[in-house]
Amino acid sequence: MSPVFSFHLPKDGDGTLLLGGYDLSRFAKGGEADIVWSHVPGDEKTWSVEYNGVRFKDGQSIATKSERIMFDTGLSYALVPTADVAAVAKGLMGYSLQCQAPQFTGQLGLYQCSSCGDGNYKSLTPIQLMIDNKFYELPVESYIKRLDDDRCELLLHPYETSYGGDSKWVMGVQFLQNYYSIFDYNT
């Protein structure tokens with residue numbers, strides 16, 4: 001059996017885990033040309049890749065400090081270093097949202113944002129993560145959720161995710177449901 005496994009994690013319905021390979025006929029329009037292989041750094045013990053920045057799709061930059069993203073198929077949300085979540089919240093001010101850091105409650109807290117009416121919410125653009133010179137999008141509904149007519153909740157959990165000294169984003173299903181993911185032990 002090939003040391004490859006792949007996941008399809010749809011937003012609704014059942015997901016698929018395929019051991020020993022991948023099935024592009026079901027999940028990729030362009031076949032092999034749709035695959036982007038990303039290198040896992042040699043010092044990594046997790047499915048992590050280096051990334052080169054984050055921005056909103058309209059080009060507005062987000063001043064993050066992390067340099068790696070770890071993919072975790074067992075995590076239903078995103079864990080993001082506290083300083084990076086604060087940078088995203090600051091960037092949302094450009095869309096007229098005002099976000100407040102969570103108070104410590106002993107649980108994972110989320111930023112609460114006000115001024116999240118229809119006009120401001122509809123003006124939001126996806127967040128793009130640059131991995132291997134390609135932008136991968138985190139759709140608006142995957143990073144911010146409307147709570148009512150004026151309030152939203154930022155779906156990036158502030159957390160110090162330092163593994164081996166590196167600060168990294170840990171992206172779960174919330175990110176992976178947007179992509180067919182292939183994991184290869186040989187690359």
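Bear in mind that the values in this text are calculations on the coordinates, not laboratory data. Being a predicted model, the structure only gives us computed values, none of them experimental. Every residue, glycine among them, receives a Cβ derived from its backbone with ideal geometry; neighbour counts consider all protein chains shown.
Quick notes
- Amide hydrogen neighbours beyond the local backbone of Asp23, cut-off 5 Å, H modeled: none
- Distance in nm between pseudo-label sites at Ser61 and Asp34 (7 Å out along the Cβ direction from Cα): 3.3
- A simple spin-label model places the labels of Thr16 and Asp43 3.8 nm from each other, with each point 7 Å out along Cα-to-Cβ.
- Modelled FRET efficiency - R0 22 Å, Arg151 with Ser76, Cβ distances, 0.05 increments: 0.50
- Cut-off 19 Å, label 7 Å out along Cα→Cβ of Ser96, residues of segment 115-129 by amide N: 115-126
- Applying both filters, DSSP loop and at most 13 other Cβ atoms within 10 Å, to the chymotrypsin sites (Phe, Trp or Tyr not before Pro) of segment 81-154 gives Phe104.
- Approximating the spin labels as points 7 Å out from Cα along Cα→Cβ, the Glu160-to-Asp184 distance works out to 3.8 nm.
- Of the peptides 16-23, 82-89, the ranking by mean beta-carbon count within 10 Å, highest at the top, reads 82-89, 16-23.
- Prolate/oblate/rounded label for the chain (Cα gyration tensor, a/c 1.5): prolate
- Placing unit charges on each Cβ (+1 for Lys and Arg, -1 for Asp and Glu) gives segment 42-178 a dipole about its Cα centre, and among Ala86, Gly42, Trp169 the Cα reaching farthest toward its positive end belongs to Ala86.
- DSSP bridge analysis restricted to segment 42-178 gives an antiparallel fraction near 80%, rounded to the nearest 5.
- Near the amide H of Phe135, within less than 5 Å, lie no amide hydrogens of residues on another chain or at least 5 residues away, with H placed in the peptide plane.
- Here is the list for segment 54-141: trypsin sites (Lys or Arg not before Pro) lying in DSSP coil, each with at most 13 other C-beta atoms within 10 angstrom of its C-beta, are Lys65.
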